[in-house]
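All of the numbers you see were taken from the coordinates with simple rules; none came from a lab. Everything quoted here is computed from the prediction, not taken from an experiment. We place every Cβ from the backbone using ideal geometry, glycine too, and count neighbours over all the protein chains shown.
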Amino acid sequence: MTAKSMMPYVEGNSAIRAMFEEGARMAAEFGAENVFDFSLGNPSVPAPPEVDDAIRSILAEEDTLLVHGYNKSNSGYEDVRQTVAEHLNMLHGTSFSSKNIIMTVGAASGLNVAIKALVDPGEEILAFAPYFVEYGNYAKNHGAQLRAVPADTNTFQPNLEVMEQMITEKTRAIIINSPNNPTGVVYSDETIRRLAQILKAKQEELGTEIYIISDEPYRELAYDGVNVPYVTKYYDNTVVGYSWSKSLSLPGERIGYLVFPSELADFENAIQAANIANRVLGYVNAPTLIQRVVARCIDCKVNVAAYDRNRQNLYDGLVDAGYECVYPEGAFYLFVKSPIDDDVEFCARAKAHNILVVPGKSFACPGYVRIAYCVSHETIMNSIPAFAELMKEIKEENKE
């Protein structure tokens, strides 16, 4: 019999994955060119050629016993971690070294490691709606409770006033995600400064540590010269989780890292706890070959301009058709207001036009839908008439 503890996960299985599987079925039935699948944030831009070159060179030049073997440290290769640290220092004016970096099995494992290391069962984690659907499961994995801070739907910047009221002695961490999935909004310098001020005051008031866990897989996907603040420079008790899934189009390789700044409270114990968590959660160490690959490709980027073109064309097409949405500054998502009250029903209506989008309810923000525009440009352009026809159909019904 299936473990009872897993049944809530089974019952709440990700709507994103379910929609993606439905997209595969519909593509087989109607032809892939006739299905507009915006369900999954799976990069559509190829990895830079330097990635394949690095893989070949490493296998030809390095000791394959080491390349394919366990790391001596659960944190990962020391030289790779030092390369990551120096790269961050160059970009952000920080002062990290290898001791501050833990290589992880993507950002998802990194967040689980951070929560396991910092949050005790029964404690609370806050997240700003809308947020990535799996955050609740990550908290539940470790016996913590995720509490959603309601969205400010005017700007989709974090609702700091409400957050401040929700903090209690049980609050141990705040998860932030910028550029944001699902809105594409970048949290401003002003927002991060104010967040840091509130948390510093709350720590002093309550006599507890409150951590920011900054989930940053979309950091490089920012447009129009928008600055994405580096949170460790604002608040000492910050852990940063990163992934190359989007910046190098390597989601299947499962490679990322955590940053534990030396200024973090109880740093030595915290970094040791994270190392042990990396092991006991079953990750052991990040994939060794791909660690060496990303170190060689540390300055490489995917063709962000392709996503930018999709962003602009889809946004313009939807607005022209009568949809409402905040213009995204980063990532590869549009968060669109549903033209009918029930976002789940709207997704069902969209499916009748071969459009697959994910309800905002899945991101703790009903009344909206997420569109992942990391698809071909042809799909973007071909979908706009279908979106327009759907809106026309809804407007005509409203007249009756």
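Give all pairs with beta carbons closer than 8 Å in which a residue from the range 67-89 that is more than 22 Å from residue 220 (Cβ to Cβ) meets a residue that is of a type in the set (Val, Ile, Thr) and assigned to a helix (DSSP H, G or I); count only pairs at least 6 apart in sequence or on separate chains.
If the second residue must be of a type in the set (Val, Ile, Thr) and assigned to a helix (DSSP H, G or I), the pairs left are 67/58; 67/288; 68/288; 69/288; 70/288; 71/288; 74/276; 77/288.
Looking only at residues that are more than 18 Å from residue 125 (Cα to Cα) and among the aliphatic types (A, V, I, L, M) in the range 171-224, which one is surrounded by the most Cβ atoms within 10 Å (Cβ to Cβ)?
Within the range 171-224, the match that is surrounded by the most Cβ atoms within 10 Å (Cβ to Cβ) is 221.
Name every residue in the range 264-280 that is buried (at least 19 other Cβ atoms within 10 Å of the Cβ) and part of a loop (DSSP other than H, G, I, E, B), in order of residue number.
Correct list: 264 only.
If a residue has to be free of Cβ contacts under 8 Å to residues at least 60 places away in the same chain and not in a helix (DSSP H, G or I) to count, how many in the range 96-118 make the cut?
1
Are there any pairs with C-beta distances below 7 angstrom linking a residue in the range 254-282 that is without any contact (Cβ under 8 Å) to a residue 60 or more places away in the chain to a residue that is crowded, with 21+ Cβ neighbours inside 10 Å and assigned to a loop (DSSP other than H, G, I, E, B), with the two at least 6 apart or on different chains, and if so which?
264/237; 265/237; 267/260
Say we look at the range 285-318 and pick out the residues that are among the β-branched types (Val, Ile, Thr) and outside any loop (DSSP other than H, G, I, E, B); which of these is nearest to the chain's Cα centre (by Cα)?
Only one residue tops the list, namely 304.
Among the residues of the range 220-245, which ones are within 19 Å of residue 138 (Cβ to Cβ) and out of contact with any helix residue (DSSP H, G or I) (no Cβ under 7 Å at 6 or more places or on another chain)?
Hit for the range 220-245 is 237, nothing else.
Please find, among 369, 375, the residue that is within 25 Å of the chain's Cα centre (by Cα), aliphatic (A, V, I, L, M) and within 29 Å of residue 150 (Cβ to Cβ).
Testing whether each residue is within 25 Å of the chain's Cα centre (by Cα), aliphatic (A, V, I, L, M) and within 29 Å of residue 150 (Cβ to Cβ) leaves just 369.
Can you find even one residue in the range 374-384 that is surrounded by 21 or more Cβ atoms within 10 Å (Cβ to Cβ) and either more than 21 Å from residue 221 (Cβ to Cβ) or out of contact with any helix residue (DSSP H, G or I) (no Cβ under 9 Å at 6 or more places or on another chain) (or both)?
The answer is no, given that none of the residues of the range 374-384 is surrounded by 21 or more Cβ atoms within 10 Å (Cβ to Cβ) and either more than 21 Å from residue 221 (Cβ to Cβ) or out of contact with any helix residue (DSSP H, G or I) (no Cβ under 9 Å at 6 or more places or on another chain) (or both).
Identify the single condition in (1) touching a residue at least 60 places away in the same chain (Cβ under 8 Å); (2) crowded, with 17+ Cβ neighbours inside 10 Å; (3) among the aromatic types (Phe, Trp, Tyr) that residue 128 does not satisfy, given that it satisfies every other one.
So the condition that residue 128 fails would be (1).
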